[in-house]
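What follows is one structure encoded as structure tokens, with my remarks underneath.
The values are calculated or read from the model by the stated rules, or taken from the named source; none is laboratory data. Everything numeric here is computed off the predicted structure, so don't read it as measured data. FYI the Cβ positions are ideal-geometry reconstructions off the backbone, even for glycines, and counts take in every protein chain you see.
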Ligand code: UT7
């Protein structure tokens, strides 16, 4: 038994900030940001929240799949920027959609989060724990952005993307070849906590014990730079251009596939130069590496499902294609999953 993606959706806030708008806040320029990152603008929430965007993306994915909310028995939301600590974003999505039969939980692994949500849903389905899963990446990174730090504020944006996965069994009497086509591919994922300092953001709550002093600082919510995303950009860049091609290579070898068997590599959208470097190292044409980061910037765990949804709606994905999803980011975490497109 395996599972296939049978619907996608996304929600993008309508308000945008382009590089010229950012240049009014910090010492930067449209030229610098375009050249170093490929980013032109990013969409930023006004009234939306991580939860509301997640629900909207999920609603569209269910509609695309032609699946009723009651059929969903697992909802996973990958996020590092939920507006709620309790309840989890996935439970809120369940409530919004009326997915009354779903088990719901959130997952936190930054920009690798959507790949891990996909893997988790696949494991639940192939393990017989559920049949239909809604997986969502949703982020309001504008809330975690230090708008005085030009090293990070040029990069991030807000948005949400979603996919529906459903169990698929070989039809009775299917040939061996048809059965093999439905086999689940094994993903490869890694984490290295010892390099976590490269990308950090402290909780806005003080978890250092309930002293009078802490109670006071909690009440005043004194935020400093450490409560916003802080990044050693060059360290993350070097990690990405080395680790992403490596993990894709591992996943291909594990599943006895060649790079040329893959139709598209849908990478986390962090920096155009990272995507280009990965394509070069894999020796694959850049046309196989779709990008939309010029429009949205880096939306962490939402970037892969937003791009997947765009490609699905543009009709670029065809039954029989194999697609690689690859994420990388804070943790450090990174991983690649091979997705058979069966629609
Ligand atoms: O999703 C999580 C994963 N995150 C990433 O993948 C981010 C990976 N890192 C990057 O994308 C890049 O490292 C950045 C885009 C963040 C920075 O680009 P870079 O080419 O690595 O620049 P840099 O940090 O080496 O800085 C080069 C110069 C420095 O000036 P000096 O020391 O050479 O005089 C910086 O101070 O550019 C300066 N600089 C800027 N100048 C204008 C840094 N940020 C800016 C800016 N505008 N926004």
task = Say whether the condition of being within 14 Å of the ligand (Cβ to nearest atom) and closer than 18 Å to residue 242 by Cα is met by at least one residue in segment 286-298.
result = no
message = I'd like the full set of residues that are without any contact (Cβ under 8 Å) to a residue 60 or more places away in the chain, in a helix (DSSP H, G or I) and away from the ligand (no atom under 16 Å from the Cβ), limited to segment 241-274.
response = 249, 253, 259, 260
task = For segment 205-213, state whether one or more residues are under 27 Å from the mean Cα position of the chain (by Cα) and either within 16 Å of the ligand (Cβ to nearest atom) or modelled with pLDDT under 90 (or both).
result = yes
ask   = For segment 46-64, does any single residue satisfy the condition of being within 16 Å of the ligand (Cβ to nearest atom), crowded, with 23+ Cβ neighbours inside 10 Å and under 30 Å from residue 277 (Cβ atoms)?
value = no
ask   = If you take the residues of segment 324-343 that are away from the ligand (no atom under 14 Å from the Cβ) and surrounded by 20 or more Cβ atoms within 10 Å (Cβ to Cβ), which of them is farthest from residue 63 (Cα to Cα)?
value = 336
request  = Check whether at least one residue in segment 28-42 is away from the ligand (no atom under 16 Å from the Cβ) and over 22 Å from residue 118 (Cβ atoms), and report yes or no.
outcome  = no
remark   = For segment 35-60, the count of residues that are outside any helix (DSSP H, G or I) and in contact (Cβ under 8 Å) with a residue 60 or more places away in the chain equals 10
key: Selection within segment 4-34 - assigned to a strand (DSSP E or B) and exposed (fewer than 15 other Cβ atoms within 10 Å of the Cβ)   = 18
query = Restricting attention to segment 122-143, which residues are away from the ligand (no atom under 16 Å from the Cβ) and surrounded by 24 or more Cβ atoms within 10 Å (Cβ to Cβ)?
reply = 125, 132, 133, 134, 135, 136
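Conditions tested, residue by residue: (1) free of Cβ contacts under 8 Å to residues at least 24 places away in the same chain; (2) in contact with a helix residue (DSSP H, G or I) (Cβ under 7 Å, 6 or more places away or on another chain); (3) in a helix (DSSP H, G or I).
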position: 276; (1), (2), (3): yes, yes, yes
position: 281; (1), (2), (3): no, yes, yes
position: 294; (1), (2), (3): no, no, yes
position: 301; (1), (2), (3): no, yes, yes
position: 310; (1), (2), (3): no, no, yes
position: 315; (1), (2), (3): yes, no, no
position: 323; (1), (2), (3): no, no, no
key: Residues being more than 12 Å from residue 136 (Cβ to Cβ), crowded, with 21+ Cβ neighbours inside 10 Å and under 19 Å from the mean Cα position of the chain (by Cα) - total across segment 65-95   = 2
